[in-house]
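K.L.:
Following this message is one structure expressed as structure tokens.
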Amino acid sequence: MISVALAGKPNAGKSTFYKAATRADVDVGNYPFTTIDANRGVSHVRTRCPCLELESRCDSENCRGGKRYVPIELLDVAGLVPGAHEGKGLGNQFLDELTNADVILNVVDAAGGTNAEGEPVEVGSYDPIEDVNFVEREMDLWLAGIVDRNWETIERQSRSPEFDIESALTELLTGIGASEHDVAAVLRQLEYPDDPMAWDDAVREELARLIRARTKPIVVVANKADIAPPENIERLREAADRVVPCTAAGELALREAADADAVDYDPGDDDFQIVGDISDTQQEGLERVRGVVSEWDGTGVQTALDEAVYGVLNRITVYPVQNETHWSDGQGGVLPDAFLLASGATPPDLAFAVHSDIGEGYLHAVDARRSRRIGEDHELAEGDVIKIVSTAN
């Protein structure tokens with residue numbers, strides 16, 4: 001399962017985002033280090049379900065009228081403070097949790113209502129741009145520290161006639177979530193001496209920065225956009241490549257209202273309808289949320305998750321079936337499963353994603369939408385419905 005981690009300083013709204021996105025019961029408070037132990041939960045990305053092409057909707061519990069929600073892991077840990085890479089606050093605990101994350105959502109207090117340590121200050125008095133740079137810097141220095149602590153080992157290895165610096169760096173960096181391909185790509189970008197004895201801190205820090213940028217890409221979530229000065233949102237968009245305006249509190253309010261049958265709302269919708277009896281105070285609060293949803297085409301929570309997975313990670317959703325005519329599994333369930341695959345994935349990749357035995361016994365695949373066999377080098381696309389024929393079926 002793809003892992004998305006929430007980063008940011010204390011009191012930026014990470015736990016509110018997490019609670020809204022997972023509906024898990026976690027502490028949410030207006031003070032630093034509300035979160036101490038890491039929270040791991042299941043959230044979802046949203047896409048168009050192929051069942052919209054059928055006469056009736058599918059049987060998946062993750063489909064709501066043709067809106068398909070595909071599970072991902074969401075991780076929320078303690079907030080970062082300056083010096084986190086040196087262990088200040090709960091920094092080591094947080095940064096170590098990032099090792100296996102595929103993408104980072106940097107939740108920023110766009111309202112500028114909290115200082116660098118997450119303590120409340122007057123709205124607009126703190127520059128949220130500092131939080132964008134701060135998280136990247138702490139992550140880069142954390143990775144550079146790991147490289148530094150292991151450099152003596154690499155220097156000792158270099159005394160061997162068979163020493164290869166690329167292999168040594170690959171062994172080190174795959175331990176913090178990089179693949180062999182990632183390391184090779186980064187080393188092509190980096191100017192470095194062949195002798196590790198000649199490396200200085202600047203080269204090691206640049207290595208760490210490039211590895212972080214490739215293996216831990218970041219989407220900035222401009223949280224508290226409902227109370228943020230408008231210029232803050234614009235400045236954040238200028239400061240980072242991917243910025244999503246967001247009100248995590250608004251999303252949480254809508255999901256709680258939907259759970260209580262007070263509103264008709266699905267995560268990621270750009271509007272909602274009040275359908276139950278609510279108080280005047282609740283009505284006023286929901287109308288404030290409606291204003292934000294209208295301005296930003298949603299609360300931003302679902303948009304941020306979708307941007308992280310479909311945008312940054314460039315994933316596609318593919319639906320395996322056993323019956324290519326009815327798009328069903330062996331029990332007759334229509335489109336019960338959905339898999340997030342890397343762009344460029346092929347039918348054998350899907351087979352292995354379903355089960356290693358099916359992958360190892362792969363024979364051929366059928367495009368169920370077009371009722372034709374496809375080759376094993378065929379690149380799958382978003383929304384494909386595929387029958388895998390395997391000796392393990």
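Bear in mind that the values in this text are calculations on the coordinates, not laboratory data. Model, not experiment: these values are computed from the prediction. Ideal geometry is used to build each Cβ from the backbone, glycine not excepted, and the neighbour counts take in all protein chains shown.
K.L.:
Where the centroid of each part is defined by its Cα atoms, how far is the stretch 316-359 from the stretch 364-381 in Å?
P.N.:
11
K.L.:
Rounded, prolate or oblate: which fits the stretch 159-287, taking a ≥ b ≥ c as square roots of the Cα gyration tensor eigenvalues, rounded meaning a/c under 1.5, else prolate when a/b beats b/c?
P.N.:
Verdict is prolate for the stretch 159-287.
K.L.:
Quick one: if the Förster radius is 25 Å, what FRET efficiency do THR391 and THR346 give, using the C-beta to C-beta distance and rounding to 0.05?
P.N.:
0.85
K.L.:
Between GLU166 and ALA260, what FRET efficiency comes out of the Förster formula 1/(1 + (r/R0)^6) with R0 = 45 Å and r the beta carbon distance, rounded to 0.05?
P.N.:
My answer for the efficiency is 0.20.
K.L.:
In nm, what is the difference between 0.36 nm times the number of residues separating ASP357 and GLU119 and their Cα-Cα distance?
P.N.:
Fully extending the segment from ASP357 to GLU119 adds 80.4 nm.
K.L.:
Something else: Multiply the residue gap between ASP127 and ARG369 by 0.36 nm, knock off their C-alpha separation, and tell me the result in nm, one decimal place.
P.N.:
82.0 nm
K.L.:
Taking other Cβ within 10 Å of each residue's Cβ, how do TYR192, TYR126 sort, fewest first?
P.N.:
TYR192, TYR126
K.L.:
I want to make sure I understand the PRE zone here: with the label point 7 angstrom from the Cα of ARG40 toward its beta carbon, which residues in the stretch 1-17 have backbone N atoms less than 15 Å away?
P.N.:
Answer for the stretch 1-17: 1-6.
K.L.:
If each DSSP helix of 4+ residues adds -39,500 (n - 2.57) and the sum is divided by the residues in the chain, what number results at 222 nm, nearest 500 deg cm²/dmol?
P.N.:
Value at 222 nm, helices only, nearest 500: -10500 deg cm²/dmol.
K.L.:
If we count every other residue with Cβ under 10 angstrom of ALA351's Cβ, Lys/Arg +1 and Asp/Glu -1, where does the sum land? Walk me through the numbers before you get to the answer.
P.N.:
Values: positive: none; negative: ASP349, ASP357, GLU360, GLU376.
In short, -4.
K.L.:
Could I ask something else about it? With each label point set 7 Å from Cα along the Cα-Cβ vector, what nm distance links ASP148 and ARG57?
P.N.:
Simple spin-label model gives 5.5 nm for this pair.
K.L.:
Now for a different question. Give the shape of the stretch 316-390 as rounded, prolate or oblate, defined through the alpha-carbon gyration tensor: a ≥ b ≥ c are the square roots of its eigenvalues, a/c under 1.5 means rounded, and otherwise the shape is prolate if a/b is larger than b/c and oblate if not.
P.N.:
Judged from the Cα gyration tensor, the stretch 316-390 comes out rounded (a/c under 1.5).
K.L.:
Under a plain spin-label model, where a point goes 7 Å from the Cα along Cα-to-Cβ, how far apart in nm are ASP271 and ASP201?
P.N.:
So the two model labels end up 5.7 nm from each other.
K.L.:
So for the chain: antiparallel DSSP bridges make up what percent, rounded to the nearest 5?
P.N.:
Around 60 percent of the beta bridges assigned by DSSP in the chain are antiparallel ones.
K.L.:
Compute the Cα gyration tensor for the chain, then decide on rounded, prolate or oblate, letting a ≥ b ≥ c be the square roots of its eigenvalues: rounded whenever a/c is under 1.5, prolate when a/b is larger than b/c in the other cases, and oblate in all that remain.
P.N.:
Judged from the Cα gyration tensor, the chain comes out oblate (a/c at least 1.5, b/c at or above a/b).
K.L.:
How many lysine pairs in the chain, separated by 8 or more positions in sequence or lying on different chains, have Cα atoms less than 29 Å apart?
P.N.:
18
K.L.:
Efficiency by 1/(1 + (r/R0)^6): what FRET value for ASP377 and HIS326, r their Cβ-Cβ distance, R0 = 22 Å, to the nearest 0.05?
P.N.:
Computed FRET efficiency for ASP377 and HIS326: 0.20.
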